[in-house]
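Please read the structure below before turning to the comments.
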Amino acid sequence: MSSAPDTSATAMPKNYLNEKITVSSWLLTLDHKRIAILYLVSLLAFFLIGGLAALVFRVELMTPEADVLRSETYNKFFTTHGIVMIFFFLIPSIPAVLGNFLVPVMIGARDFAFPKINLASWYVFMFGGVLALIATIAGGVETGWTFYTPYSTMYANSNVILAVCGAFIAGFSSIMTGLNFIVTIHKMRAPGLTWFRLPLFIWAMYATALVILLGTPVVAITLVMIFVERAFGFGIFDPALGGDPILFQHLFWFYSHPAVYIMILPAMGVVSELISCFSKRRLYGYRVIVFSSLAIAVIGFFVWGHHMFVSSQSTFAGLTFSFLTFFVAVPTALKMLNWIMTLHKGSVSLASPMLYAFGFLGLFVIGGLTGLFLSTLATDIHLHDTYFVVAHFHYVMVGGGVMGFLGGLHFWWPKITGRMYPEGLAIFAAIVIFIGFNLTFFPQFQLGVHGMPRRYHVYPEEFQVLHIASSTGAMVLGFGYLIMGAYLIWSLKFGKIAGKNPWNARGLEWETDSPPPTHNFHETPVVRHPVYAYEYASETSNEPDVQSEKGHV
Amino acid sequence: MNLLFDLLPVQATEYAKQVDALYLFILAISAFFTLLFVGLLVGFTLKYRRRTQDERPEPPHEHYTLELVGGAVLLALLMGMFFWGAKLYFKAQRPPADAMEVLVSGKQWMWKLQHPSGKKEINTLHIPLGKAVKLSMTSEDVIHSFFIPAFRVKNDVLPGRYTQVWFKPEQEGTFHLFCAEYCGTEHSRMIGYVRVLSQEAYDRWTMNLGDADETPVQAGGRLFAELGCIACHRPDAGALGPDLTGVFGHEVALSDGTTLIADDNYLRESILNPQAKLVAGYAPIMPTFQGSVNEEQLAQLITYIKSLSN
Ligand code: HEM
Ligand SMILES: [Cu+2]
Ligand SMILES: [Cu+2]
């Protein structure tokens, strides 16, 4: 059980980071770990842009009148926020960063099946992202991230086409990543690593990749249709040209509902890993979690109409979609049950990644349960397109998705960079983020119930108090993210050397160096135990677990 | 209304109260599960916190009773929500037959409303207390959404077709009217009020504003003659087109052998795109009126044709 490597901070052993350090060695790298870093840096930049846009319009919303922005500008800000956060941050976040880094390492492979496609996916993504940014800077887009027709095709006078092209192109990078995941997980698992020995993170990536491959082409076609109608006046969605505006909503949500699972399944995978590690045992109901991920991926394709209860779809369609939607709630709830039961009789420690996992659980339970108000027909009619929906999806996407991403980032940070961040600050930031988040979004439920519509620049006075609370929360939240960014960057140079397995976790990624060598393992690992083998010293050895001295938690 | 302390907004209709009962039911269930979950989370974390570094907890056993029972209980509760919600939804979809019909037309960024008496107004809807009101809505441009929080009703307003919303106000007062579907620059200014007046006050209001306009039915009748519809649609045997008396709300046999119930959207299509669905036994000779009638006139024609079925 060697690990704590020697101190001299500068002399890290040869690894994927220090092997070559030229710019071209980064930009032309085929190493999945370096590609993950490229993604990490670009996604954080997008997160910053999206976050700043949100801060600006939250400031605007502190008063009922228009003071900081004109209506047109306000609309451009929330559109930019939505497009950037969804298409250029959250959808790729966990798969492209943590998934890219970890999938090969966790299954004991040297790289993905198609490393060149992997690199290409980053370039494609950046190309789409840059187009979207140009659309934003050169005049902006004001359709909302949902691009509803006929507004987006015939009425909006902004850079819709450019933004649509950006989202369209970024979709291909998702598809490339998804393809790589599926082939690699099928074909390149280490000896002994059977399907039911796979870590739940891998299962989550697998389920996500399935959704990506089945769903993304549909949104791509839909975006092309917007392009064709807007650019050439072919009547597809605009009734004035003989089109059908509701058709757009069907096509859009056929992708965008499953897309919410592209955003949450990976976070669920991360949380499973965290809870197992910081309870020191295998997850309760491992197989239930696996099958619930797959069930969510499949059922998720049959519920899109729940976004359209008041769109004038038929009564029968409304009933069907409401009915089916309740069935997604069941596998989701089972996961919650399994996570909580893992703590029961576990050995629970509250290190910073676990705090993020707890943040995920606490916020996701609210996000999920508020989904029930929206799945129920009569209540959704009232709540649809109000701040209630805004609060709901932020609880699931930020409370769930982003918390999961940050938890995973902290957990694997020592593996990725070889260094620890300051634990005390990390705990502090996690708490600030949790409080800021709730202060921002909880009041929005109340706003929505009382009828405050979403995407409103000016609003009746009685809503002001809650808007002020929400805007204050947004600043606290932003401050929390800022602290986090600061200490993570600080740790790159000054952090304590982490060693192979600082959390005393199980999983192949912890059996190689931190940071791993370019080819991940010095020799191909052979897996000997079921997953999360905390009773053994490691997945590949038969020695019983000797509690590690260095486990600092 | 105090947003900090009131759980629910004003309930100005019976339907709003029924929706709120369901809302409270889901809220109770959600609160229960949230507390249970957070309670267990905190409880387990304290009780099973790591005390020493060499603790080695038992791996959990794989048995699925808890999952099965938990899943079944949950599903039962969820089905309860579904059926309750569906029951109210049916109600919201079926306006009573005697409802007073107000025509609504949304356009960037205002609401135009027309009463059966012919009164027109913009952004403020006056309605009498205790009387069922049905709105027949369409848009002149993009999608809007007609939302009255105090009545718990909302429906999108689409270009090129009719949608409806109905309610029966049971409280006098002034309530918010919002556009809920993002529709462009001034979306947040596409708002107004619903004023619920006593029947007398409503009648007086109708009189006061009386600039001797014709009612929508009268206007429709006039257009029906002016546009020459009447030349083909006559109640006598030699007419080129079908008699429109009693068409609305009844079954129509089409030339392709199918049948349908004539509703607002069918009438609309028959006028704008007559060839799309041909009535059995007639030649496709009716010209399209697309472009020769505007939304308002179209709504009046339809109201007139509907009045032939009363
Ligand atoms: C427990 C399961 C969930 C249920 C039952 C549920 C239900 C719903 C329903 C019915 C709506 C439509 C509301 C409306 O527009 O009136 C909705 C909206 C939404 N949900 Fe969920 N949801 C669940 C989980 C999630 C998850 C996991 C995510 C994302 C990670 C998510 C993200 C969203 C988003 C983004 C919207 C709004 C989209 C928009 O209009 O811009 N939901 N949800
Ligand atoms: Cu959905
Ligand atoms: Cu609007």
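The values are calculated or read from the model by the stated rules, or taken from the named source; none is laboratory data. A quick note: this is a predicted structure, and the numbers were derived from the prediction, not measured. Methodologically, a virtual Cβ is constructed for each residue, glycine included, from the backbone with ideal geometry; neighbour enumeration extends over all protein chains shown. Please note that ligands, DNA and RNA were not included when accessible areas were found on the heavy atoms of the full protein model with its side chains. Shrake-Rupley method; radii C 1.70, N 1.55, O 1.52, S 1.80 Å.
A few points about this structure:
- Cleavage-rule hits, trypsin sites (Lys or Arg not before Pro), the stretch B:1-95, DSSP coil, Cβ neighbours within 10 Å at most 14: B:Arg51
- Nearest 10 degrees, 0 to 90: helix A:32-60 Cα axis against chain A principal axis: 40
- Cβ-based charge dipole, chain B, positive-most Cα from B:Thr52, B:Leu240, B:Val133: B:Thr52
- Dipole of chain A [Lys/Arg +1, Asp/Glu -1 at C-beta], most positive-end residue of A:Gly129, A:Met188, A:Ala474: A:Met188
- All other residues whose Cβ lies under 9 angstrom from that of B:Val133 are scored, Lys and Arg at +1 and Asp and Glu at -1, for a net of +2.
- Whole-percent carbon and sulfur share, accessible surface of chain A, 1.4 Å: 72
- Computed over the stretch A:72-162, the range of Cα coordinates on each principal axis works out to 52, 22, 19 Å, biggest value leading.
- Cα-only radius of gyration and Dmax that characterise chain B, units Å: 26.9, 99
- When Rg and the Kirkwood Rh are both derived from Cα coordinates, the Rg/Rh ratio for the stretch A:34-510 amounts to 0.95.
- For the stretch B:216-307: Kirkwood Rh in Å [reciprocal of mean 1/r, alpha carbons]: 13.3
- Expressed as a fraction of 2.2 N^0.38 Å, the value expected for a compact globular protein of N residues, the C-alpha radius of gyration of the stretch A:134-287 is 1.34.
- Quarter of the Cα convex hull surface for the stretch B:5-73, i.e. its orientation-mean projected area (nm²): 8.0
- Aspartates and glutamates whose Cα lies under 18 Å from that of A:Lys14, excluding same-chain neighbours fewer than 8 positions away: A:Asp6, A:Asp31, A:Asp111, A:Glu509, A:Glu511, A:Asp513, A:Glu523
- Computed over Cα pairs, the Kirkwood radius of the stretch A:363-424 leads via Stokes-Einstein (0.692 mPa s, 37 °C) to a diffusion coefficient of 245 µm² per second.
- Taking 28 Å as the limit for the C-alpha separation, the pairs A:Lys280/A:Lys500; A:Lys187/A:Lys493; A:Lys76/B:Lys91; A:Lys335/A:Lys500; A:Lys187/A:Lys500 exceed it in the case of A:Lys187/A:Lys493; A:Lys76/B:Lys91; A:Lys335/A:Lys500.
- Counting every alpha-carbon pair across the protein assembly as shown, the share separated by more than 46 Å comes to 30%.
- Separation of alpha-carbon centers, the stretch A:44-73 and the stretch A:355-378, rounded to whole Å: 26
- Semi-axes of the equivalent ellipsoid for the stretch B:100-207, computed as √(5λ) from the eigenvalues of its C-alpha gyration tensor and ordered from largest down, come to 22, 14, 12 Å.
- Dipole moment magnitude, nearest 20 debye, the stretch B:163-310 about Cα centre, only Lys, Arg, Asp, Glu C-beta charged: 140
- For B:Lys87, the lysines whose Cα comes closer than 16 Å to its Cα, not counting residues fewer than 8 places off in the same chain, are B:Lys17.
- Charged-residue dipole, Cβ positions (Lys, Arg, Asp, Glu), the protein assembly as shown about Cα centre, Debye nearest 20: 2460
- For the stretch A:217-267, the solvent-accessible area of protein heavy atoms averages 32 Å² per residue (probe radius 1.4 Å; ligands and nucleic acids excluded).
- Exposed-loop-free span, longest in chain B, where chymotrypsin sites (Phe, Trp or Tyr not before Pro) count as exposed if DSSP calls them loop and at most 14 other C-beta atoms lie within 10 Å: B:65-310
- Peptide A:313-326 - average C-beta neighbours from other chains (10 Å radius): 3
- Residue-normalised accessible area of the stretch A:1-122, given per residue in Å² at a 1.4 Å probe: 40
- Estimated buried accessible area (total), pair B and A, 1.4 Å, Å² to nearest 100: 8000
- Other protein chain Cβ atoms within 10 Å, averaged over every residue that makes up B:35-41: 5
- Rounded percent of accessible protein surface that carbon and sulfur make up, the stretch B:100-207, 1.4 Å probe: 51
- Charged-residue dipole, Cβ positions (Lys, Arg, Asp, Glu), the stretch A:34-510 about Cα centre, Debye nearest 20: 2260
- Cβ-defined net charge surrounding A:Leu247, 13 Å radius [Lys, Arg +1; Asp, Glu -1]: -2
- Ellipticity at 222 nm from helices only: DSSP H runs of n ≥ 4 in chain A, each -39500 (n - 2.57), divided by the residue count, give -20500 deg cm²/dmol.
- In a DSSP loop and with at most 15 other Cβ atoms within 10 Å, the GluC sites (Glu not before Pro) in the stretch B:175-244 are B:Glu214.
- Computed from the Cβ-Cβ distance with R0 of 56 Å, the FRET efficiency linking B:Asp263 to A:Leu48 stands at 0.60.
- Exposed GluC sites (Glu not before Pro) absent - longest run of chain A, DSSP non-H/G/I/E/B, at most 11 other C-beta within 10 Å: A:66-522
- Cβ-Cβ distance of B:Leu4 and B:Ile122, R₀ of 30 Å, FRET efficiency by 1/(1 + (r/R0)^6): the value works out to about 0.35.
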